[in-house]
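Here's the structure we're looking at; comments come further down.
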């Protein structure tokens, strides 16, 4: 905000901890679910001193000590309890008004705030009265931040006095009906303080318990790194906690109700005439009492000299855990390898008590010595596949190095494994440390219908390997296929669908043309039986909710494309598609930024100047250079980091069964570092609002569709700021309102038409 604006306005908006409202002032104020408008009290503003002072605001913003939310969802109803504490850092008492915007279906059950020992009551305003207040604030403060709440109700309470250097605690309980469509429930809690927050929240937490009379097939939080714990077939607990954080999006929770063997959750987004986006989640129902499917499994463990010491001890302990947790009808083997390959038994053996005990003793006797013969170990494991091939056969392959003995050429090893694996054995790869050949390991997993993971030096190998096995312990469906009938779909990811295991979900992203009823068919194999599951659904002609789906689709596609480029050779067409998606959807990881920056030299007209400048900043460029080296390298810490980053992008829609991992520097895998892009003055240059991305051009936020159009930029409809037309348009098009709310100067594209706000 300019100095003149600071002098002109004395109102100061201070938020609570979660976003259901917007700040009305500039960078020194905060935005949250409830906020307090502070007014200077008569007679307490000191006279202006005789000599000039640097222009400053009269009061410091209230800080937030904590914001805690607990939610109880039972079938189709939710009770939300909010606990907020504001702190006044100023030496004088203040007066303010607490405002909490509310959607239509919310009923406030309790509001508690004590002032001078007396409980304060609040007032619930309908949409029309609330709209007038919102619009009056926008006009008065010349700040559009509240536009996104036009059309909501409002809860209001007077806050006086706010003690000097003291706290104000506000609690509120409200209930609401949960919309359940097609067996899918949706809960949203506003959690957006990024817009104007002067400093991070000290503490924020959301804990939601979901209980249902109908089994819950899946629970998914697409917006935050929440932990999802299954307490039983009809109860889940979802928890998110952050300290010193700036939440920048609502907390969104989906849960799917189904008593069928597979539950389907389909989320769509379609705006205008463009093809829509979908995210399909299919989760198997498998009660604890149901008989598990017998499997064959072989543990292939590196015992070369580099595994000696603590690493070997952890590997032995975790391998014994895996053996102890085999199902009684499973068959198994252990192949250890160093200079040579050595099997516990010549062939797969039953997982009875006697053989498991002998195998655990065998593991205790393993010694770390010699070279690394990967080729021989894998071929020995593949030979153990039984002739009938009726059971799923899994190979868990763990190594901490690259091949040094026998066949050492990665391409030849891949070719040998390809020739030997004629019965679709699944190979799941766990790389240990940074001395592995990531291209070899990643392709082993990719080409053999498995997945990959890595254990860094900072992680515990015992925990990682044990968890790795646990996720594979109970197969549900193999050779999985998914088809859509009655509707045209394209750009579907992943290209190869993974096997399904107990506790896992199949998450598929794609785009669809047209609209209407469709049948989704899930096929696969269970033991010897071919399985078919059908789901009737409808893909809408218009659906502007679920605006996170397009970015998750784009992130998943970018991850797939980058893996193809990295593992199978550079392809200019694929690189250009990565760049296009990155700029359109604002997916600026260090990895994708490296390609985008490369593109700005060849096609500067299609890249916003502010983005080029931000990517070229010394610190940023250094990180991208490191990512570029890791992308090209086949081994080393940078290569392992790139492999993990790409895997996280490809798995963008997966629900976290445990707290999500962080990137170096503390960034969450879910949203990496887009908000960290800054210009030379430290201003944010990229923002995402719903499904759209905006770039800063001077004082204007410009829709990425418009900003990257180059010479093909269309004309725009000019809208005078804060005019009657301006507010009428925001009321008529709620989606437009949330885009206009990001700043005074905005260019936004809606259904092929551009709108631009201008001075009156």
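The values are calculated or read from the model by the stated rules, or taken from the named source; none is laboratory data. Please read all numbers here as calculations on a predicted model, not as lab measurements. Cβ placement follows ideal geometry from the backbone for every residue including glycine, while neighbour counts extend to all protein chains displayed.
List of remarks:
- Set 706, 722: member being assigned to a loop (DSSP other than H, G, I, E, B) and modelled with pLDDT of 85 or more: 722
- When the residues of region 544-563 are filtered to those that are out of contact with any helix residue (DSSP H, G or I) (no Cβ under 9 Å at 6 or more places or on another chain) and in a loop (DSSP other than H, G, I, E, B), the one that is surrounded by the fewest Cβ atoms within 10 Å (Cβ to Cβ) is 545.
- Those helices (runs of 4 or more DSSP H) lying entirely in region 583-661 with at least 2 residues free of Cβ contacts under 8 Å to residues at least 24 places away in the same chain and more than 23 Å from the chain's Cα centre (by Cα): 590-602, 618-632
- Residue match in region 365-378 (condition: free of Cβ contacts under 8 Å to residues at least 12 places away in the same chain, within 21 Å of residue 318 (Cβ to Cβ) and assigned by TED's automatic domain parsing to the domain that holds residue 466): yes
- Residue within region 461-473 that is crowded, with 20+ Cβ neighbours inside 10 Å and part of a loop (DSSP other than H, G, I, E, B) present: yes
- Residue check for residue 737: within 27 Å of residue 135 (Cβ to Cβ), over 22 Å from the mean Cα position of the chain (by Cα) and assigned to a loop (DSSP other than H, G, I, E, B): no
- The residue list 334, 292, 396, 300 contains one member that is closer than 20 Å to residue 502 by Cα, touching a residue at least 12 places away in the same chain (Cβ under 8 Å) and surrounded by 22 or more Cβ atoms within 10 Å (Cβ to Cβ), which is 396.
- Only one of the numbered conditions (1) in a strand (DSSP E or B); (2) in contact (Cβ under 8 Å) with a residue 40 or more places away in the chain is violated by residue 534, and that is (2).
- Flag if residue 404 is at negative phi, in contact with a strand residue (DSSP E or B) (Cβ under 8 Å, 6 or more places away or on another chain) and not in a helix (DSSP H, G or I): no
- Remark: residue 305 falls outside the filter, which requires a residue to be on the phi > 0 side of the Ramachandran plot and either surrounded by fewer than 18 Cβ atoms within 10 Å (Cβ to Cβ) or outside the structural domain of residue 512 (by TED's automatic domain parsing) (or both).
Listed here are the residues, each with its yes/no results for (1) at pLDDT below 95; (2) under 25 Å from residue 392 (Cα atoms).
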| residue | (1), (2) |
| --- | --- |
| 283 | yes, yes |
| 310 | yes, no |
| 335 | no, yes |
| 357 | no, yes |
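- Scanning region 108-137 for residues that are in a strand (DSSP E or B) and surrounded by 12 or more Cβ atoms within 10 Å (Cβ to Cβ) yields 108, 109, 111, 112, 115, 124, 125.
- Residue within region 383-397 that is assigned to a loop (DSSP other than H, G, I, E, B), at pLDDT below 95 and closer than 21 Å to residue 470 by Cα present: yes
- Scanning region 662-682 for residues that are at pLDDT 80 or above and not in a loop (DSSP other than H, G, I, E, B) yields a single hit, 678.
- Counted residues, region 454-472 - those being in contact with a strand residue (DSSP E or B) (Cβ under 7 Å, 6 or more places away or on another chain) and more than 26 Å from residue 509 (Cα to Cα): 5
- Near pairs, Cβ below 8 angstrom, 6+ apart or cross-chain, from region 102-120 (in the same structural domain as residue 250 (by TED's automatic domain parsing)) to any residue that is exposed (fewer than 12 other Cβ atoms within 10 Å of the Cβ) and assigned to a loop (DSSP other than H, G, I, E, B): 111/121
- Within region 138-176, considering residues that are at pLDDT 85 or above and part of a helix (DSSP H, G or I), the one surrounded by the most Cβ atoms within 10 Å (Cβ to Cβ): 144
- Evaluating residue 373 against the criteria (1) surrounded by 21 or more Cβ atoms within 10 Å (Cβ to Cβ); (2) in contact with a helix residue (DSSP H, G or I) (Cβ under 7 Å, 6 or more places away or on another chain) leaves one unmet condition, (2).
- Test: residue in region 493-509 that is within 30 Å of residue 636 (Cα to Cα), assigned to a loop (DSSP other than H, G, I, E, B) and free of Cβ contacts under 8 Å to residues at least 12 places away in the same chain: no
- Condition met for residue 729 (surrounded by fewer than 19 Cβ atoms within 10 Å (Cβ to Cβ), in contact (Cβ under 8 Å) with a residue 60 or more places away in the chain and under 33 Å from the mean Cα position of the chain (by Cα)): no
- Considering region 213-228, the residues that are closer than 15 Å to residue 283 by Cβ and assigned to a strand (DSSP E or B) include one that is nearest to the chain's Cα centre (by Cα), namely 220.
- Yes/no for residue 711 being out of contact with any strand residue (DSSP E or B) (no Cβ under 6 Å at 6 or more places or on another chain), within 29 Å of residue 595 (Cβ to Cβ) and either in a helix (DSSP H, G or I) or modelled with pLDDT of 80 or more (or both): yes
- Residue check, residue 583 under 20 Å from residue 274 (Cα atoms) and at pLDDT 95 or above: no
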